[in-house]
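A.B. asks: Take this structure first; my questions come after.
The values are calculated or read from the model by the stated rules, or taken from the named source; none is laboratory data. Given the structure is predicted, the values throughout are model-derived calculations rather than measurements. Glycine gets a Cβ as well: all are built from the backbone with ideal geometry, and neighbour counts include every protein chain shown.
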Amino acid sequence: MSTTEALVQYQVEQGIATITLDSPHNRNAISSRMLAELQQGFHDATEDTAVRAIVLTHTGNTFCAGADLSEAANSDPETAANERTRAVIGLLRGILELPKPVIAQIDGNVRAGGMGIVGACDIVVAGPSSTFALTEARVGVAPFMISLTVLPRLTSRAASRYYLTGEKFDAATAVELGFVTIAADDPAAEVARLCGELRKGSPQGLRESKRLVNAAMLEEFDRSATELADRSARFFGTEEAREGIIAFLQRRPPSWAQ
């Protein structure tokens, strides 16, 4: 993958592929271009027999802010949402079934669709600057498709609270809820340690172990993905969602906020 003006950087060192979300100017929002580059990075890592594991990380103070709402606002909302939703579902499923471990290395904010990406990763290490939130209800929609990877990682009570309130929670709370594996003062150092442990596993052993762990999640994913994709696209085209997106871009409260 070329790194010239790329939104996603890719490099391999000592058997570890590092994929870096590198669009800090818009908080690593998920645009169609970023999706394509991210999928290419995972493809390259999968095809490279020298790669034993993948680290997914970021530049800037935000891991991923979710969907690029400016892109959604500048096109037919339902059509754009339909295309983006199906692409994101493909990305999330791809991470789950990818035959190599994926470690998320986070030291920043994770919002909305970014939560779905984190949920799909096998191991998640979060630094002290990390915060997490499911903010979809605040822009008139819901965490439809990302529920495929977020709900299996949260307790039922936690899901109810954070889906409805959109409140932020920190890395320590994320560990308690089961969403994050390890809260670390130095996430890079902890990820390096974990990569060392993964190098001790055989490619076959790692692949089959991951398949066992993710089998139930993938089964539910395939059962619900089409319905959730349709609901997501439909609701992005509603008046409330349009108002929520415009209000977000204009940095003002939406009409329903009290």
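A.B. asks: Of all residues in region 84-116, how many are β-branched (Val, Ile, Thr) and touching a Pro at 6+ places or on another chain (Cβ under 7 Å)?
C.D. replies: Filtering region 84-116 for residues β-branched (Val, Ile, Thr) gives 85, 88-89, 95, 102-103, 106, 110.
Narrowing the set further to residues that are touching a Pro at 6+ places or on another chain (Cβ under 7 Å) leaves 106.
Counting residues in region 84-116 that are β-branched (Val, Ile, Thr) and touching a Pro at 6+ places or on another chain (Cβ under 7 Å) gives 1.
A.B. asks: So, of the residues in region 23-40 that are of a type outside the set (A, V, I, L, M), under 14 Å from the mean Cα position of the chain (by Cα) and in a loop (DSSP other than H, G, I, E, B), which turns out to be surrounded by the most Cβ atoms within 10 Å (Cβ to Cβ)?
C.D. replies: This residue is Asn28.
A.B. asks: Of everything in region 41-52 that's out of contact with any strand residue (DSSP E or B) (no Cβ under 8 Å at 6 or more places or on another chain) and more than 21 Å from Glu197 (Cα to Cα), which residue is surrounded by the most Cβ atoms within 10 Å (Cβ to Cβ)?
C.D. replies: Of the residues in region 41-52, the ones out of contact with any strand residue (DSSP E or B) (no Cβ under 8 Å at 6 or more places or on another chain) are 43, 46-47, 49.
After this cut, where a residue has to be more than 21 Å from Glu197 (Cα to Cα) as well, the list is 43, 47.
Working: His43: 13, Glu47: 8.
Among those residues, the one meeting the criterion is His43.
A.B. asks: Still on this structure, please answer the following. In the list Ala233, Ala241, which residue meets the criterion of being surrounded by 14 or more Cβ atoms within 10 Å (Cβ to Cβ), at pLDDT 90 or above and at negative phi?
C.D. replies: Ala241
A.B. asks: What is the one condition in (1) within 19 Å of the chain's Cα centre (by Cα); (2) in contact (Cβ under 8 Å) with a residue 24 or more places away in the chain; (3) under 17 Å from Ala112 (Cα atoms) that Ala188 does not satisfy?
C.D. replies: (3)
A.B. asks: Here's a follow-up. Looking only at residues that are part of a helix (DSSP H, G or I) and of a type in the set (Ser, Thr, Tyr) in region 41-93, which one is modelled with the lowest pLDDT?
C.D. replies: Looking at residues that are part of a helix (DSSP H, G or I) and of a type in the set (Ser, Thr, Tyr), I get Thr79.
A.B. asks: Got at least one residue in region 215-223 being of a type in the set (Phe, Trp, Tyr), touching a helix residue (DSSP H, G or I) at 6+ places or on another chain (Cβ under 7 Å) and either at pLDDT below 95 or assigned to a helix (DSSP H, G or I) (or both)?
C.D. replies: yes
A.B. asks: Among residues belonging to region 99-157 that are over 15 Å from Glu190 (Cβ atoms) and of a type in the set (S, T, N, Q), point out the one that is surrounded by the fewest Cβ atoms within 10 Å (Cβ to Cβ).
C.D. replies: Here the answer is Ser156.
A.B. asks: So, one more: Where the second residue is buried (at least 20 other Cβ atoms within 10 Å of the Cβ) and modelled with pLDDT of 70 or more and the first is over 13 Å from Ala229 (Cβ atoms) and lies in region 75-91, which pairs have Cβ atoms under 6 Å and are six or more apart or on separate chains?
C.D. replies: Note: pairs meeting the criteria are Pro77/Phe236.
A.B. asks: Looking at region 146-156, can you tell me whether even one residue there is at pLDDT 95 or above, closer than 24 Å to Thr18 by Cβ and in contact with a Ser or Thr (Cβ under 6 Å, 6 or more places away or on another chain)?
C.D. replies: no
A.B. asks: A further question on this structure: Show me the strands (runs of 3 or more DSSP E) entirely contained within region 106-152 in which 2 or more residues are hydrophobic (A, V, I, L, M, F, W, C) and touching a residue at least 12 places away in the same chain (Cβ under 8 Å).
C.D. replies: Of the strands (runs of 3 or more DSSP E) lying wholly inside region 106-152, those with at least 2 residues that are hydrophobic (A, V, I, L, M, F, W, C) and touching a residue at least 12 places away in the same chain (Cβ under 8 Å) span 123-126, 131-133.
A.B. asks: Need pairs with beta-carbon distance below 7 Å; first residue closer than 28 Å to Gln14 by Cα and within region 24-46, second among the aromatic types (Phe, Trp, Tyr); sequence gap 6+ or separate chains.
C.D. replies: Listed by first residue and then by second, the contacts come to Asn28/Phe63; Gly41/Tyr10; Asp44/Tyr10.
A.B. asks: Between a first residue in region 213-224 that is under 13 Å from Ile95 (Cβ atoms) and a second residue that is surrounded by 11 or more Cβ atoms within 10 Å (Cβ to Cβ) and of a type in the set (A, V, I, L, M), which pairs have beta carbons less than 8 Å apart while being 6 or more apart in sequence or on different chains?
C.D. replies: Asn214/Leu96; Met217/Leu96; Met217/Leu148; Leu218/Leu96; Phe221/Leu92; Phe221/Leu96; Phe221/Leu148
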